[in-house]
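Data first, discussion second: the structure below is written as structure tokens.
Bear in mind that the values in this text are calculations on the coordinates, not laboratory data. Small disclaimer: the values here were computed from a predicted structure and weren't measured.
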Amino acid sequence: MYVLLIYNPMAGNSLFKNYLDFIIGKFQSSGHQIIPYRVEGTEALNNKIKAIKPNEYQRILIAGGDGTINQVANSLLHNNIDLPIGIFPVGTANDFAQYFNLPKTIRRMTEIALSGKYTYSDVGRINDKYFINVASFGSIINVSQKTDTKAKNTLGVLAYYLKSIEEIPNIKPIFVTVESDECDFSGEIFFMLIMNGKSAGGFKKLAPFSSINDGKLDIYIFKNCLAYELFSLLLKVFNGEHIKSNHVIFFQTNKLLIDCDNNIGTDIDGEKGPDFPLMVENLPGKLRIIADV
């Protein structure tokens with residue numbers, strides 16, 4: 001049986017391709033034939049995954065960041081393909097992979113990818129799109145989309161921090177309505193986070209109570225406040241203290257409906273998300289992630 005290795009040549013510092021021969025050799029010596037696939041676009045990737053025949057592949061390996069994992073996960077789920085997923089976290093922030101404490105060296109990543117151990121991960125769905133780690137909208141949430149690729153490759157997570165600071169003067173409140181069994185809210189907010197994982201954009205303490213396999217999404221609504229209060233609130237986000245703020249609403253749910261009259265974009269795992277209204281739900285245990293469990 002084959003192992004499909006999907007890699008993004010532009011992820012992180014773009015050095016992953018230098019390790020391809022090493023990884024192929026390790027798998028080959030263990031009796032696995034790797035088929036490498038270079039990511040060149042969403043449509044081509046979806047066609048590649050859609051063409052997978054039942055029982056043809058043993059597992060799928062993904063080398064890239066959260067955006068690459070998101071693309072592969074969406075294609076797998078839309079095509080009803082259930083295969084264990086091994087991750088080489090070689091992107092900038094690698095928030096999803098951090099949840100599973102995946103190693104940072106290619107050698108250890110390869111050892112984990114070769115193992116038969118895996119755990120189940122929930123997946124979020126917004127309208128017709130899936131997300132693995134975080135969905136968001138409002139001011140500054142599309143920082144990952146706006147951050148220059150060269151800056152990310154050079155500065156790493158620091159590029160996100162710098163871009164966030166740059167965007168502060170442009171922050172404007174938007175009016176939203178949120179409906180769920182746990183919380184109904186209508187009012188002005190700066191931004192909103194829907195977390196499946198614990199971190200986003202390299203902010204490791206963003207969702208300290210989140211569990212990736214509890215059947216729940218962690219919701220953070222950052223309400224409108226004065227400029228000096230907003231600056232203080234953003235500092236609390238850096239330090240993981242925002243949950244204590246009177247300007248933040250936090251709750252957990254498995255389903256919610258969000259609407260907004262503003263023409264503002266949404267973001268899922270660092271990529272462009274769907275338009276409003278948003279029907280959001282948690283899909284328990286939809287992915288099998290190869291990890292040292």
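In square nanometres, what is the average projected area of the Cα convex hull of the range 211-257?
Average projection, Cα convex hull of the range 211-257: 3.9 nm².
For the chain, what's the radius of gyration and Dmax over Cα atoms, in angstrom?
Rg, Dmax (Cα atoms, Å): 19.1, 61.
Dimensions of the range 39-90 along principal axes (Cα, Å, largest first)?
That works out to 28, 22, 15 Å along the principal axes.
With a length cut of 15 Å (Cα positions projected on each helix's long axis) and a Kyte-Doolittle mean of at least 0.0, go through the chain and give me the DSSP H helices that pass.
Numbers: long enough: 66-78 (18 Å, -0.08); 157-167 (16 Å, 0.35); 227-239 (19 Å, 1.06).
Those that pass (Cα extent of 15 Å or more, hydropathy at least 0.0) are 157-167, 227-239.
Counting DSSP beta bridges with both partners in the chain, what percentage is antiparallel, nearest 5? List each step's numbers first, then the result.
Values: 48 of 66 bridges.
Beta bridges within the chain, antiparallel portion: roughly 75 percent.
Using the structure shown, list the pairs from LYS198/LYS236; LYS172/LYS255; LYS129/LYS286 with a Cα-Cα distance above 21 Å, or answer none. Walk me through the numbers before you get to the answer.
Numbers: LYS198/LYS236 16 Å; LYS172/LYS255 27 Å; LYS129/LYS286 14 Å.
The pairs that break the limit, which is 21 Å between Cα atoms, are LYS172/LYS255.
Run the numbers on the range 2-122 and let me know its relative contact order in percent, using alpha-carbon pairs under 8 Å that are six or more apart.
Relative contact order for the range 2-122 comes out at 30 percent.
Equivalent ellipsoid semi-axes for the range 2-122, as square roots of 5 times the alpha carbon gyration tensor eigenvalues: give them largest first, rounded to whole Å.
19, 17, 15
For HIS32, enumerate residues with amide H under 5 Å from its amide H, sequence gap 5+ or separate chain, H modeled in the peptide plane.
none
State log₁₀ I(q)/I(0) for the range 82-130 at q = 0.25 Å⁻¹ as given by the Debye formula over alpha-carbon point scatterers of equal weight, solvent excluded.
-1.07
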